[in-house]
Amino acid sequence: MSTVAISAAEVNKLRQMTGAGMMDCKKALTEANGDFEAAIDFLRKKGQKVAGNRADRDANEGVVIARIHNDASRGVLVVLNCETDFVAKNEDFIKFTSDIADIALNTKPANVEALLASDFGGLPISERIIEQVGKIGEKLELKYEQIDAPYVVAYNHPGYRLATLVAFNKTGVANLDVVGKDVAMQAAAMAPVALDKEDVDTKTLERELDIAREQIRAEGKPEEMVEKISQGKLNKFFKENTLLNQDFVKENKFTVRQYVQNADKDLMVTSFKRFALGS
């Protein structure tokens, strides 16, 4: 029996994250001793459809900006988290984040630590962020991703809450700018967890298989059929959650892979980055 007291606010938070009913959310949190990730697994194992997106849930407020170099061979994605949307919507804060993204694009730091050490008007970015903390009175956290490739596309969703980068293996393809934007918008809208089947990490695979097995057993299927059916459910997971295997949202008779190869048989998406702020 759980010894953790579950508050109404926590139940409501899980409900907002998943779309499940209040009583179901309370039971899930009780069974999971207040662990939200485990509570979501509990709901899914009971066969409930969960609307929450794990990729978006850990972020708070802030500004998300993607930039590409003039020759489209490099892209950066910069996130500056803050505590409130009041700060996130402030024009000065947006410009501050935009300036950091420009520095990242031009100086090519290898990681977020190198970006924090980069010069920003005579001081390291880390010290400029400390200045901002003193000015606005909120905790700030910087995140940073980068892609180098023959052709990189950036997509910034209006409102600075969601952005993507998508890399391609070649240039010189007719309408590549259109194809690139379409794929970047697909990644933004459909929140894939990986590029292709083989890119899904082992932990996620085991989690999905575990949930599938429990769902199948709950449906009363014979034990000897559990593994076969769970593999079928895993294939459905790949189709829904890996970018290249998703149905192309603008014309769902194609997968994203097929859409890209219709533009050029040798064209490939080699990687993508996505970040979305949580609600």
Exercise. Using the number of other C-beta atoms within 10 angstrom as an exposure proxy, rank C82, C25 with the fewest first.
Key: C82, C25
Exercise. Would you mind checking the pairs K13/K236; K46/K228; K89/K135; K181/K239; K143/K170; K250/K273 and listing those with alpha carbons more than 25 angstrom apart?
Key: K13/K236; K143/K170
Quiz item: Where is the GNM fluctuation largest for the chain (alpha-carbon springs, 10 angstrom cutoff): E61, E240, E91?
Solution: E91
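Taking loop as defined by DSSP and a crowding limit of 11 other beta carbons within 10 Å, which chymotrypsin sites (Phe, Trp or Tyr not before Pro) in the range 182-279 fit?
Taking the range 182-279 and a limit of 11 other Cβ atoms within 10 Å, no loop chymotrypsin sites (Phe, Trp or Tyr not before Pro) are found.
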Quiz prompt | Gyration tensor verdict on the range 1-52 (Cα atoms; rounded if a/c is under 1.5, prolate if a/b is larger than b/c, oblate otherwise) | solution = oblate
Exercise. Using label points projected 7 Å from each Cα along Cα→Cβ, tell me how many nm separate K228 and F254, to one decimal.
Key: 3.6 nm
Self-check item: For the chain, alpha-carbon Rg relative to the globular expectation (2.2 N^0.38 Å, N residues)
Solution: 1.14
Quiz item: Is it possible to state the helix-based mean residue ellipticity at 222 nm for the chain, with each DSSP H run of 4+ residues giving -39500 (n - 2.57), the sum divided by total residues, to the nearest 500 deg cm²/dmol? What is it?
Solution: -14500 deg cm²/dmol
Quiz item: Scanning the chain for trypsin sites (Lys or Arg not before Pro) in DSSP loops with at most 16 other Cβ atoms within 10 Å, what's the longest stretch left with none?
Solution: 171-249
Quiz item: Over the range 144-211, how many percent of alpha carbon pairs lie in each 5 Å bin up to the one with the longest distance?
Solution: 3, 14, 20, 22, 17, 12, 8, 4, 1
Practice problem: Report the label-to-label distance for T202 and A8 in nanometres (one decimal), using points 7 Å from each Cα along the Cα→Cβ vector. | Solution: 4.6 nm
Quiz item: Which whole-number percent gives the relative contact order of the range 1-52, counting Cα pairs below 8 Å spaced six or more residues apart?
Solution: 38 percent
Quiz item: Roughly what would the spin-label model give for N106 and E240, points 7 Å off Cα along C-beta, in nm?
Solution: 4.5 nm
Quiz item: Using alpha-carbon positions, what is the distance between the centroids of the range 213-279 and the range 168-185, in Å?
Solution: 21 Å
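FYI, it's all coordinate maths here, none of it is from the lab. Because the structure is a prediction, the values reported are computed rather than measured. Here Cβ is always computed from backbone atoms with ideal geometry, including for glycine, and neighbour counts include all displayed protein chains.
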